[in-house]
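Below: the structure, in structure tokens.
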Amino acid sequence: MVSFGPEVTSLWYVPIIIAFVFAIYYAVVVMKPPKESKGS
Amino acid sequence: MITSVIIAALVYVAFLLGVGVYAYTKAKTLSDYLIAGRTLGPWILAFTYCTSWFSAGSLVGAAALPYKFGLAMMWGITFAIIFMLLVPFIGWGGRVRVMTEKLKALTVPDFLGKRYQSIGVRQLCAIVVIVFAGIYLVSILAAMGTVFEGVAEVPYSTGVIIFAACVIAYVSLGGFKGLALANFFQGCVMLAGIVAIPIIGLSKIGGYSQLVTRLGEINPKLVEMPGIPGWPFFFGFLIMAASVATWGNPHFMVQFFTMKDKRVVRWALPIAIVFSAIMGGSSWLGGAIGRVLLTDLSRPDLVIPTLVHQYLPFVLVVLWVFAMLAASMTSAGTFLLVVGSAFSRDIFQGLLKKDASERQTLIVSRVMTLVVGVITIALAIKPPELIFVLLVAAVGLSGASFIPSFLGGLWWKRGTKMGAIFSIASGLLASIYFWKINPSLGTMLGGHFFVPSVAISTVLYIVVSLLTEPPEKEFVSSLFEEFESKKLTSKSEVS
């Protein structure tokens, strides 16, 4: 059975940091409000 | 010291009751009472979502896992943040907000009933919500009794009764609007009360790397992944049952109903991730720290109360008790409201008295909150062996019942009311079978009863939907209109 040692097991917080960075990217880039077009 | 803790807790509860009274005067309509009038912004949504998640059960009871099984269990928090926050917020938070407003749905059974144009779906859904909420509430109250027993040395049953009475009074007064305001305030208290545990614990041990080394010295399996319980437990329990199953939990689903618009998820998500990482990380790490510092515990779920009692200074003990009180009140409060609304809006208004006025439904909702509270107190007096197992059983049961019809209702036009009925009923029955009647088969098929149960309910949802008459084309088209016009706009922009 595949198993991982302490050097991998102890890094549980790394994917959380990546998820947070992705959430900021999503908020700033993906969900950026559309620019309102100026009237002629 | 004990008297001071009790007096401080009573003052705290009195303040929250004041918030409940304030909200009572502001909640003018059933929509205000049940979904805060769809007015929540990102901060309040993030806090109320996360505080509903973190009960004393998931903070105190779940810390028994890293205590028993080691550091691999910390990945439970990692998976929870990905599957309980990232996926639902980005995947369907906004869509739920849009569709529930279009259908004028105020509760989860209300939404599913209207989406599938079926009173049967609505009432079946309401029954599952009531069963699910009952189990969940018992586990929350049991955890709260453990907290008082461990720290304030109040007898278990007294702690359960005092706490439950406070929650019932507070929720029946405030509704969701009061709950959301109180959850924000209580979320701040929870953060302040919980961070001291890993800070002081790690300083006693000598840092995080020392914790890893010391755990490995006790038993090398404590720092390996999957470690002592193995991959089936890791996949079936930590990933599927404790995280993915929450997609079908009414107390999370209903949170998206309350947003002021669909873009609220934009900033609510990073706020929720930070909050959850601090809350869950601190508490669960406390379990691992307890394995090094505490060697003679009678029960693993006493690890956090004992750690707090032995290592934290008095002021931080009081703050922690408040945090646990807050954690339990927010979760139990949300659940009481969910089950009260299932009885009042979906059973009473839909079945018992179809012409009930809004005022009558509000009164019934408050009365049902009281009745459910009393029943769960009676059940929680005799505590379960390991709190978190019971908690996750409820989460899995609800998840297996609702996930296919909920997500299918949001994305799949072809889903029918018979498909939804078969899916919800089979999810419930399969969960009970694999959980209680034949648990070894459930474990063999996926590590946890949720996995085979949700597979069965998903297959039945798809097969029965395809075998039955499609829903009215006009109704479904109007429901999906906004999402499809957005797709068309994007395509035309590209071309």
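The values are calculated or read from the model by the stated rules, or taken from the named source; none is laboratory data. Computed from a prediction, not measured in an experiment: that's the story for all the values here. Cβ placement follows ideal geometry from the backbone for every residue including glycine, while neighbour counts extend to all protein chains displayed.
A compact table of results
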item: Residues of segment B:1-60 that turn out to be in a helix (DSSP H, G or I) and free of Cβ contacts under 8 Å to residues at least 40 places away in the same chain, as a count; result: 8
item: Verdict on B:Phe252 being more than 14 Å from chain A (Cβ to nearest Cβ), buried (at least 24 other Cβ atoms within 10 Å of the Cβ), in a helix (DSSP H, G or I) and of a type outside the set (A, V, I, L, M); result: no
item: Meets criteria (surrounded by fewer than 24 Cβ atoms within 10 Å (Cβ to Cβ) and in a helix (DSSP H, G or I)) for B:Ile168; result: yes
item: Exclusive hit being more than 14 Å from chain A (Cβ to nearest Cβ), within 16 Å of the chain's Cα centre (by Cα), in contact (Cβ under 8 Å) with a residue 60 or more places away in the chain and over 22 Å from B:Trp43 (Cβ atoms), set B:Val303, B:Val308, B:Val339, B:Val317; result: B:Val339
item: Any pair with Cβ under 8 angstrom, 6 or more apart, that starts in segment B:264-281 at a residue that is facing chain A (nearest Cβ under 8 Å) and ends at one that is surrounded by fewer than 22 Cβ atoms within 10 Å (Cβ to Cβ) and among the hydroxyl-bearing types (Ser, Thr, Tyr); result: B:Arg266/A:Tyr26; B:Leu269/A:Tyr26; B:Ala277/A:Tyr13; B:Gly281/A:Tyr13
item: Selected residue (only one of B:Met240, B:Met225, B:Met144 is at pLDDT 80 or above and within 30 Å of B:Thr107 (Cα to Cα)); result: B:Met240
item: Which numbered condition B:Val87 misses (of (1) under 30 Å from A:Pro6 (Cα atoms); (2) crowded, with 23+ Cβ neighbours inside 10 Å); result: (2)
item: Condition broken by B:Ile199, with the remaining ones in (1) in a helix (DSSP H, G or I); (2) away from chain A (no Cβ under 11 Å); (3) in contact (Cβ under 8 Å) with a residue 24 or more places away in the chain satisfied; result: (3)
item: Residue check for B:Ala72: in a helix (DSSP H, G or I), of a type in the set (A, V, I, L, M), at pLDDT 90 or above and in contact with a strand residue (DSSP E or B) (Cβ under 7 Å, 6 or more places away or on another chain); result: yes
item: Filter result (without any contact (Cβ under 8 Å) to a residue 60 or more places away in the chain and within 14 Å of chain A (Cβ to nearest Cβ)) within segment B:206-249; result: B:Gly207, B:Tyr208, B:Ser209, B:Gln210, B:Thr213, B:Gly216, B:Glu217, B:Pro220, B:Gly230
item: Some residue of segment B:56-67 being more than 23 Å from B:Ala169 (Cβ to Cβ) and more than 22 Å from the chain's Cα centre (by Cα); result: yes
item: Number of positions in segment B:403-424 that are under 21 Å from the mean Cα position of the chain (by Cα) and either hydroxyl-bearing (Ser, Thr, Tyr) or over 15 Å from B:Gly91 (Cα atoms) (or both); result: 2
item: Checking B:Gly187 against (1) more than 14 Å from chain A (Cβ to nearest Cβ); (2) within 28 Å of B:Ala420 (Cα to Cα); (3) buried (at least 22 other Cβ atoms within 10 Å of the Cβ); (4) modelled with pLDDT of 85 or more, the condition it does not meet; result: (2)
item: Subset of segment B:431-478 [in contact with a helix residue (DSSP H, G or I) (Cβ under 8 Å, 6 or more places away or on another chain), in a loop (DSSP other than H, G, I, E, B) and over 25 Å from B:Leu103 (Cα atoms)]; result: B:Gly447, B:His448, B:Phe449
item: Subset tally (residues that are more than 7 Å from chain B (Cβ to nearest Cβ), more than 24 Å from B:Gly280 (Cα to Cα) and either among the β-branched types (Val, Ile, Thr) or surrounded by 12 or more Cβ atoms within 10 Å (Cβ to Cβ) (or both)) for segment A:1-35; result: 4
item: Residue, nearest to the other protein chains (Cβ to nearest Cβ), within segment B:94-115, restricted to residues that are surrounded by fewer than 24 Cβ atoms within 10 Å (Cβ to Cβ) and of a type outside the set (A, V, I, L, M, F, W, C); result: B:Gly94
